[in-house]
Amino acid sequence: MVTLTHYLALSAILFGIGAVGFLVRRNALIVFMCVELMLNAAGLAFVAASRYRGLLEGQLTVFFVLTVAAAEVAVGLALMVAIFRTKKTTNVDELSSLRG
Amino acid sequence: MGALFEWSWLIIAFPLLGFLINLISTGQTRERTVGVVASMAAAASFGMSVLVFAALLARPPEARLVEVSLYRWAIVPPLTAEVGLRIDPLSTAMALIVTLVGTLIHVYSIGYMAGDPHIRRFFMFLNLFLASMLLLVLADNFLVLFVGWELVGLCSYLLIGFWFEVPYNAWAGRKAFIVNRIGDFGFTLGLLLLFWTFGTFRYGPIFEAVEHRAVEAGVVTLITLLLFAGVTGKSAQIPLYVWLPDAMAGPTPVSALIHAATMVTAGVYLIARAHPLFAMAPFVQGVVTLIGAVTALWAALIAVGQFDIKRVLAFSTISQLGYMVAAAGAGAVGAAIFHLGTHAFFKALLFLGAGSVIHALEHAHRHPGDPSPFDPNDMRRMGGLAQRMPLTFWTYGIGAAALAGLPPLAGFWSKDEILISLRGIGGWATLAYGLLLGAAFLTAFYMTRQVGMVFAGSPRSHAAAHAHESPAVMTVPLGIFAFFSVVAGWINAPGLGALSAWLEPEHPPVFHPEQALLATLIALAGIGAAWAIYRPQAWPEGVEDPLRPVLRGFFTALTRKLYVDELYDFLFVRPFEKVARGVAEVVEPYGIDGAVNGLARLVQSAAGRVRRWSSGYVRQYGLSVLIGAVLLMFYILWMLR
Amino acid sequence: MVPFLVEAIIKSAILVLLLLTGFAYLTLAERKLVADFQARIGPNRAGPYGLLQPLADAVKLFFKEDFIPEYADRALFVLAPLITLIPAILIFAVIPFGPELTLFGYRTRLQLTDVNVGVLYIVAITSISVYGITLAGWASNNKYALLGGIRASAQMISYELAMGLAIVSVVLTTGTLQVSGIVEAQRNGWLLFLQPLAAIIFFITGLAEIKRAPFDLVEAEQELTAGYLTEYSSMKFALFFMAEYVKMIGFSALMTTFFLGGYLGPFVDHYPALGVVYFTLKVALLIFLMIWIRATLPRIRYDQLMALGWKVLLPLSLANVMGTAVVVALTA
Amino acid sequence: MGELIVFYLLAGIAIATALAMVITRNAVHSALFLVLNLVVVAVFYLLLGAPFVAMVQIAVYAGAVMVLFLFVIMMLGAERVGGATGLRWQAPLAGAMGAALIGGALFAFLQTPAGLAPAGSLPAPLGDPATIGERLLTTYVLPFEITSILLLIAMVGVVVLARDSRSEGK
């Protein structure tokens, strides 16, 4: 019997992997992908909850998250291209000119 | 017909719309357009007032009260603030006076202000002024009335200081505003007390409660006293009248508007409006009546010693307001509003006439290119203008005669009614009656003096000798006002009594021939006395004022406005300035600045250490967030354990 | 559960088998037809009328050397042809080939699955079919290949928008996302007549999506040698080739389903098997049209391609969607 | 039972692809693993009775977002990133924190009995495109519109950001 807990646990694991990836990888593009993975994990939790509660709102939330993620990726990648043009790198550790 | 009342908010909306149109119009708009838009807005408001008035007139007298609820402003239990209009005889009468006078002044301003670089701002404020006053007048509760009251104060400040490039003008605007604030402070307290007592701001329930004696008389006494404090500010009564003479700093149409229609009448209107409250506090009624009467005499006295053509009129207004306040205080609301109306016409006439004179002198002075400093308001530099500006002279003469109370002009009837209403009461009212008779004499005196100095004799300056009549856009309103100054009194003449029937059907106006005779004699006496002193033949060459040798030191005191400004300066302004300087020199640099700087230094040193956390590494920030999230999660788990 | 699975497996098997032979003879048909258009004879040596030519080609490709460049990304280089082929085949899962009919006493629909999000499924699958080509280009580690791959994906992404919007017009008109529902909605008239603009846009964008002439810039020999195919040979090349032709069939099937009434035709209600015939005929007609276009029109330039996609087709399809929405809202 | 096997199989793939995505050195491979992960999650959506969201997930995420990623990676040639880092101590701490996060979450979910409840009988039209569409255009029409504006803003922003300032005015 697959329960909500199964899905929530899977979601938590995926989220955790995404979070660790975000903190460990230095390639800005992969860092970005890790954010997408985390969003995706959250989406899974939403849809699972939606199924087990019999509510549609979870799916709608995922729908909105998807569109927002699309917008975010577009802008983020454009930023990255712009940064690459001037800095010639996508290493996040070399993009630290806002150091205090 | 009832549907018309639903649209009565248009009376306020039209000038507001004019204000908005001129606000959003570009700087390139032609000045003519600006003035026409503003005047049309005022005229539309007047038209709407007439319609509402007619609709109300069509109703039977006992049904002449319509309350229009417009908008629920705020609900903060127990306070429900609603914006509503009260259409009743008093408010429509006021609205008619305000919009009629206001419209004519707008039209006049097109000519008077022509060429001013900031004419758009001027007309915007003028429209806003009118809208605020109408809001004040038409409101159905004290709160909205207060909003209008304050807006009127703001507009007066803006307009008195309209030519703020001259420091004196800005100072005069500030003075008007601050003096009004003092009165408003009492007014605000009165409103709070009112709400505390009655639990509402709406006129209807409050007056009903008063009628049923549902509240203690003591509280009402306090409330009315506090409200009266506001009145002394706005309607320029002792002790807060000092701002009005300085309000002459504004353009002349503004003075006319302030004196005739929009600003100073607000106080009288408030007393009339809150009449049921005042009726319950006989002590306050006595105070109001006496203060009004004393103000009337006091201001009339000062007016005798003034040389500025507008300043004389300003003190005259204070004096006439004293009449109205005294009448309203004595419960003669009809008489007070009657005088308010007639006064609006002839005072507007006088101001616009004075404006016409000033306008002419200024142009005549500027024309030959005389570089010497020249005050076009100074009556000592005038004289002999009757031949050069006949229209202005004749209309001005009518206004002066109306103000002096010569029958059958407007001032005669309304002043008479006030005097009669005070006669039968006895006690303090008799005292007030006496004072007002004295004031009537002085009124006739100083008006004759002014007419004599300005129009009679030979010119006493180059500019006066070369003055010309003003353009039609200025003289036509003069003619209209002159017409009203003649006939406005007949509306309430004995036997007709239309205004009284309209405002208070139960009190028809009474006419005592002997009173009328007495008043006429007093006025003639005043005119005669003034003419004896100021006729051109009696005026030797080189003498500044023939009255000075007669009164000697006292005349100097009169020209210095009886030293009241100096007294206030000594009593309030100087000590306040000392305290302020003390605060500025001691408390601020050491107390406040010290605290702020110390805090800043603390933050600075702390930031120096904290900024090392801001490493610029995105991943490190992310790690901080994750650590925070983990800690939070475990905290929640621990709490739920 | 189990009968459902069995049915699905049987259906899929038949489908794949049909597609594979269909693809093989499609290559022959194209060569023959183009030859005819160009007044040539075409392949005629292998078997009667060259009917065994596809077989000969297969044998030839099979025995070629399977070459992998040294600096290529080996895993992706191998996977790319598969990633290209699979979505092309997956499209057929929701296409109804005929109405419901009884076969061997078993009532079934000539459609693998009739999900209620069929149209979305089609959009989703088309959108991921970009991967194979892009990856093939990248994995080859070759400039021409990479440029070809990027060009291909840019082209496909650009035209996907207009294509999606054309499909939206169809969905708006029929009011369903179920593919069989769209077919059934055309009983009273093909959508080709109701939505002529959408049909034209769909056809043009479809040509670009499957990179047929005149949109075959990806393989523009003059500029890119063979584009993303440059480093491919032998069976892997054959897989790409196969994917191309399967996509051609798939697109024709989609066009038939969306605009030409799918399996509908005279007497189809009485003889359901006729539906398959109609369907096949319509698909064949469209394929003929595509070959005809290939033989007739020259290849357009890359900037012309982008301008056409973004400045003509996209606004047109947007306008069409808006117009359709207004009409639907007014008639509802 | 079959359901559980499917779940564990898919969950295994999901976790494996996620890990592979984080671990692999090559950004293109990372992106592809993420695509796989997204597709697996879409399959989960299908299992959970959300076909619409599943299709949108594939079309938007796999079809658009990740293609964009691949594009940028290939265009910038940013498959492998070089350069130094001043954060050597970060990786172990991040790993520990991630483990703590997963552990805490698992602990919390396993503790909560409500999560163990089986799926109730599913109302048939839940997740059906018509229902979702209706809900989006009635109850949630405001967020829906806001989202469309957001997309427009993103579009304009991207055009502004991506325009090469050097080629301006040509």
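The values are calculated or read from the model by the stated rules, or taken from the named source; none is laboratory data. All figures in this text were calculated on a predicted structure; none of them were measured in a lab. We place every Cβ from the backbone using ideal geometry, glycine too, and count neighbours over all the protein chains shown. Heads up: the accessible areas ignore ligands, DNA and RNA and are worked out on the full protein's heavy atoms, side chains in. Shrake-Rupley method; radii C 1.70, N 1.55, O 1.52, S 1.80 Å.
Quick rundown of the values:
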{"quantity": "Candidate set from the stretch C:295-329 (those that are within 23 Å of the chain's Cα centre (by Cα) and hydroxyl-bearing (Ser, Thr, Tyr)); member that is most open to solvent (accessible area, probe 1.4 Å)", "calculated": "C:Thr296"}
{"quantity": "Flag if D:Ala18 is in contact (Cβ under 8 Å) with a residue 24 or more places away in the chain, more than 10 Å from chain C (Cβ to nearest Cβ) and either crowded, with 21+ Cβ neighbours inside 10 Å or under 13 Å from the mean Cα position of the chain (by Cα) (or both)", "calculated": "no"}
{"quantity": "Restricting the stretch B:372-385 to residues that are open to solvent by 20 Å² or more (accessible area, probe 1.4 Å) and closer than 18 Å to B:Val312 by Cβ, the residue that is nearest to the chain's Cα centre (by Cα)", "calculated": "B:Asn377"}
{"quantity": "Residues being open to solvent by 40 Å² or more (accessible area, probe 1.4 Å), hydroxyl-bearing (Ser, Thr, Tyr) and outside any strand (DSSP E or B) - total across the stretch C:49-105", "calculated": "2"}
{"quantity": "Test for D:Met66: is it assigned to a helix (DSSP H, G or I) and more than 7 Å from every other protein chain (Cβ to nearest Cβ)", "calculated": "yes"}
{"quantity": "Residues within the stretch A:26-49 that are facing another protein chain (nearest Cβ under 7 Å) and either modelled with pLDDT under 85 or surrounded by fewer than 22 Cβ atoms within 10 Å (Cβ to Cβ) (or both), tallied", "calculated": "2"}
{"quantity": "Residue within the stretch C:273-293 that is among the basic types (Lys, Arg) and either over 22 Å from the mean Cα position of the chain (by Cα) or not in a helix (DSSP H, G or I) (or both) present", "calculated": "no"}
{"quantity": "Residues (among the polar types (S, T, N, Q), under 17 Å from C:Val171 (Cα atoms) and in contact with a Leu (Cβ under 9 Å, 6 or more places away or on another chain)) located in the stretch C:249-287", "calculated": "C:Thr256"}
{"quantity": "B:Glu504 vs. criteria touching a Leu at 6+ places or on another chain (Cβ under 7 Å), surrounded by fewer than 21 Cβ atoms within 10 Å (Cβ to Cβ), touching a residue at least 24 places away in the same chain (Cβ under 8 Å) and acidic (Asp, Glu)", "calculated": "no"}
{"quantity": "Residue count for the stretch C:106-120, restricted to those that are under 14 Å from C:Met163 (Cα atoms) and surrounded by fewer than 24 Cβ atoms within 10 Å (Cβ to Cβ)", "calculated": "1"}
{"quantity": "Every residue from the stretch A:3-17 that is open to solvent by less than 30 Å² (accessible area, probe 1.4 Å), in a helix (DSSP H, G or I) and at the interface with another protein chain (Cβ under 7 Å from one of its Cβ atoms)", "calculated": "A:Leu4, A:Thr5, A:Ala9, A:Leu10, A:Ala12, A:Leu14, A:Gly16, A:Ile17"}
{"quantity": "Selection within the stretch C:196-228 - in a helix (DSSP H, G or I), modelled with pLDDT of 80 or more and touching an Asp or Glu at 6+ places or on another chain (Cβ under 8 Å)", "calculated": "C:Thr205, C:Glu209"}
{"quantity": "Test: B:Ile527 is surrounded by 12 or more Cβ atoms within 10 Å (Cβ to Cβ), more than 37 Å from the chain's Cα centre (by Cα) and assigned to a helix (DSSP H, G or I)", "calculated": "no"}
{"quantity": "Any hit, the stretch B:126-133, residues being crowded, with 22+ Cβ neighbours inside 10 Å and more than 30 Å from B:Arg64 (Cβ to Cβ)", "calculated": "yes"}
{"quantity": "Candidate set: the stretch B:197-225, residues that are within 21 Å of B:Ala330 (Cβ to Cβ) and open to solvent by 40 Å² or more (accessible area, probe 1.4 Å); chosen: the one nearest to the chain's Cα centre (by Cα)", "calculated": "B:Leu225"}
{"quantity": "Residue match in the stretch D:51-60 (condition: open to solvent by 40 Å² or more (accessible area, probe 1.4 Å), in a helix (DSSP H, G or I), at the interface with chain C (Cβ under 9 Å from one of its Cβ atoms) and not hydrophobic (A, V, I, L, M, F, W, C))", "calculated": "no"}
{"quantity": "Condition met for B:Leu138 (modelled with pLDDT of 90 or more, within 20 Å of B:Ser45 (Cβ to Cβ) and open to solvent by less than 10 Å² (accessible area, probe 1.4 Å))", "calculated": "yes"}
{"quantity": "All positions within the stretch B:604-620 that are more than 60 Å from the chain's Cα centre (by Cα), surrounded by fewer than 14 Cβ atoms within 10 Å (Cβ to Cβ) and facing chain A (nearest Cβ under 10 Å)", "calculated": "B:Arg612, B:Trp613"}
{"quantity": "Filtered residue count, the stretch D:141-153, keeping only those that are of a type in the set (Ser, Thr, Tyr) and either closer than 13 Å to A:Val65 by Cβ or more than 10 Å from every other protein chain (Cβ to nearest Cβ) (or both)", "calculated": "1"}
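Okay, residues lined up against (1) farther than 25 Å from B:Ser91 by Cα; (2) open to solvent by less than 80 Å² (accessible area, probe 1.4 Å):
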{"site": "B:Ile12", "(1), (2)": "no, yes"}
{"site": "B:Asn22", "(1), (2)": "yes, yes"}
{"site": "B:Arg32", "(1), (2)": "yes, no"}
{"site": "B:Phe53", "(1), (2)": "no, yes"}
{"site": "B:Arg64", "(1), (2)": "no, yes"}
{"site": "B:Tyr71", "(1), (2)": "no, no"}
{"site": "B:Pro77", "(1), (2)": "yes, no"}
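Yes/no matrix, rows are residues, columns are (1) over 15 Å from the mean Cα position of the chain (by Cα); (2) buried (at least 24 other Cβ atoms within 10 Å of the Cβ); (3) aromatic (Phe, Trp, Tyr):
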residue: B:Val288; (1), (2), (3): yes, yes, no
residue: B:Val304; (1), (2), (3): yes, no, no
residue: B:Phe307; (1), (2), (3): yes, no, yes
residue: B:Ala326; (1), (2), (3): yes, yes, no
residue: B:Ala336; (1), (2), (3): yes, yes, no
residue: B:Gly341; (1), (2), (3): no, yes, no
residue: B:Phe345; (1), (2), (3): no, yes, yes
residue: B:Val357; (1), (2), (3): yes, yes, no
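Residue-by-condition table, conditions (1) modelled with pLDDT under 85; (2) within 28 Å of B:Asp308 (Cα to Cα):
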position: B:Phe164; (1), (2): no, yes
position: B:Ala172; (1), (2): no, yes
position: B:Lys175; (1), (2): no, yes
position: B:Phe187; (1), (2): no, no
position: B:Arg213; (1), (2): yes, no
position: B:Ser235; (1), (2): no, yes
position: B:Leu240; (1), (2): no, yes
position: B:Pro251; (1), (2): no, yes
position: B:Ala261; (1), (2): yes, yes
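Okay, residues lined up against (1) closer than 21 Å to B:Asp565 by Cβ; (2) crowded, with 24+ Cβ neighbours inside 10 Å; (3) in contact with a helix residue (DSSP H, G or I) (Cβ under 7 Å, 6 or more places away or on another chain):
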{"residue": "B:Ala229", "(1), (2), (3)": "yes, no, yes"}
{"residue": "B:Val242", "(1), (2), (3)": "yes, no, yes"}
{"residue": "B:Ala260", "(1), (2), (3)": "no, yes, yes"}
{"residue": "B:Ala281", "(1), (2), (3)": "no, no, yes"}
